[in-house]
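As structure tokens, the structure follows; a few thoughts come after it.
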Amino acid sequence: MDDSLVSEYAEYNDAILLVIIAAAQVPEIASSLALRVAKEYDGDGTRTVGVISKIDQASADQKALAAVQALLLNQGSPKTADIPWVALIGQSVSIATAQSGSEISLETAWRAESESLKSILIGAPQSQLGRIALADDLAQLIRKRMKVRVPNLLSGLQGKSQIV
């Protein structure tokens, strides 16, 4: 990872930061470089979303699954408490599910992913499972940021429209 490239984008206050970590690495998340970078540029977590990937590949690792469950239930490391987390299965699984039928839509594949995650992460909040949950979290984050930014934008434009 090129630190200067990450810094170039992460320093923008309007950038949304994704902390992506493989499920097998969640037990050591406190030492994650991605989490450290997100905390450096977004200390209060208002523009960061956490993504736990490859849940399917860690399904036999009880330590990793327990750590993932704790993270999703906001019982993980204190460093992760202010970040909303979403769990995903491997991308290839979703694509394969979408392509296995003749006319299966991507949305159907995403719903199948959510069902697979429910069977692996029993008891995890359903609102944090799958790509649909990720899209919902990102949309919510964008809406929150727009509510803050649009009034400032409009007040900044007031009076300037008369100049033009």
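The values are calculated or read from the model by the stated rules, or taken from the named source; none is laboratory data. Not measured: the values here are computed from a predicted model. For neighbour counting, all protein chains shown are included, and Cβ atoms are generated from backbone atoms with ideal geometry for every residue, glycine included. Just so you know, the surface numbers come from the protein's heavy atoms only, side chains and all, with ligands and any DNA or RNA stripped out. Shrake-Rupley method; radii C 1.70, N 1.55, O 1.52, S 1.80 Å.
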query = Is it the case that LEU71 is within 25 Å of ILE142 (Cα to Cα), modelled with pLDDT of 90 or more and assigned to a helix (DSSP H, G or I)?
reply = yes
message = Looking only at region 3-27, how many residues end up being surrounded by 12 or more Cβ atoms within 10 Å (Cβ to Cβ) and either touching a Phe, Trp or Tyr at 6+ places or on another chain (Cβ under 6 Å) or among the charged types (D, E, K, R) (or both)?
response = 2
key: Residue selected from region 41-63 under the condition assigned to a helix (DSSP H, G or I), over 18 Å from GLU113 (Cβ atoms) and touching a helix residue (DSSP H, G or I) at 6+ places or on another chain (Cβ under 8 Å), by the criterion most open to solvent (accessible area, probe 1.4 Å)   = LYS63
inquiry  = It is to be established whether one or more residues within region 25-40 are under 22 Å from SER114 (Cβ atoms) and not hydroxyl-bearing (Ser, Thr, Tyr).
reply    = yes
query = Hey, any hits in region 5-16 for a residue that's closer than 30 Å to GLU107 by Cα and at pLDDT 90 or above?
reply = yes
query = Quick check: is even one residue across region 44-56 over 29 Å from ILE122 (Cα atoms), at pLDDT below 90 and β-branched (Val, Ile, Thr)?
reply = no
remark   = Conditions (1) touching a Pro at 6+ places or on another chain (Cβ under 9 Å); (2) in contact (Cβ under 8 Å) with a residue 40 or more places away in the chain; (3) part of a helix (DSSP H, G or I) -> ALA66 fails only (2)
